[in-house]
1. I'm checking a number: the convex hull volume of the Cα atoms of the stretch 149-214, normalised per residue, in Å³. What is it?
2. With only alpha-carbon atoms in the gyration tensor, what are the semi-axes of the equivalent ellipsoid for the stretch 82-199, in Å, largest first?
3. Cross-link list 99/151; 51/171; 67/199; 123/151: which exceed 22 angstrom alpha carbon to alpha carbon?
4. Relative contact order, percent, of the chain when contacts are C-alpha pairs under 8 Å separated by at least 6 residues?
5. What is the dipole size for the chain, taken about its Cα centre, with +1 at each Lys and Arg Cβ and -1 at each Asp and Glu Cβ, in debye to the nearest 20?
6. State whether the stretch 136-185 is rounded, prolate or oblate according to the following rule on the C-alpha gyration tensor (a ≥ b ≥ c being the square roots of its eigenvalues): a/c under 1.5 gives rounded; otherwise a/b larger than b/c gives prolate, and the remaining case gives oblate.
7. In what sequence, highest mean first, do 89-97, 193-201 appear when ranked by Cβ atoms within 10 angstrom?
8. Any idea how far apart residue 210 and residue 15 come out in nm if each label point goes 7 Å out from Cα toward Cβ?
Amino acid sequence: MAEELSNFSQLKLQNWIVKQCHSIGVKRPTPIQANCIPKILEGKTCIGAAKTGSGKTLAFALPIVQKLYEDPYGIYALVLTPIRELAFQIADQFAILGKPMNMRTCVVVGGMDMVEQGRQLSKVPHVVVATPGHLVDHLEGCDTFTLSRIKFLVIDEADRLLGGLFDDQIKRIFSVLPKTRQSIYFSATMTDTLQTLKKLVAEDAFFYEDIGPS
Ligand code: ADP
Ligand code: MG
């Protein structure tokens, strides 16, 4: 049953994170945030579907920032998204939320200087936000770049990233990620691939669906 909560402190988020939310004008969690944030903080795999504009970015970014604060070691989270503009938006949100803890983010997308991207990655960012094709280029082109310490994998826009053109790249990325990672899948629609995924993930995974009329 969807839970409605009136503020972020009820979601087991630390005060400084709640303050960061207030500083960007975000006071009350949206339903997907109220439902998924506590489950992600508990360490559960999460598959969430809710239409565009429902606040999916903060639903994964807030619990990841909190976990990162508790254990700031190594490249921590990988967020995959299908288009470069979304990658920049997501990285911006992480940077704003994580400012008090000097969050380092790196965007890996097309149209950027590969040398500069390599330099950013060598600084061991906490969060890498990437489009799949360019991340694969980096994995194959750079010996020192590793995703072996990733603790969180976020598949944003999962309806567009899974079960289509990106499959080969995603498979390649999955093959170098640690098996013990926590996975979060967020989507604007419920697709056949996501339904299949529901059957494949851990039994105690958390599912949230609120597609509603568009
Ligand atoms: P989605 O990924 O579900 O399409 P976004 O995460 O991009 O949605 O959020 C859409 C907009 O809503 C953004 O401008 C974001 O800053 C804003 N937003 C997210 N959560 C909240 C909230 N709890 N209260 C107010 N605005 C929010
Ligand atoms: Mg989104």
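Values quoted throughout were computed directly from the atomic coordinates according to the rules given, and no laboratory measurement underlies them. Just so it is clear, the model here is predicted, and its values are computed rather than measured. Glycine also receives a Cβ, built like all others from the backbone with ideal geometry; neighbour counts cover every protein chain displayed.
1. Expressed per residue, the convex hull around the Cα atoms of the stretch 149-214 is 95 Å³.
2. Working from the Cα gyration tensor, I get semi-axes of 23, 17, 14 Å.
3. The answer is 51/171; 67/199.
4. On the way: 364 pairs, mean separation 57.2, N = 214.
After rounding, I find 27 percent.
5. 560 debye
6. oblate
7. 89-97, 193-201
8. The modelled label-to-label distance comes out at 2.8 nm.
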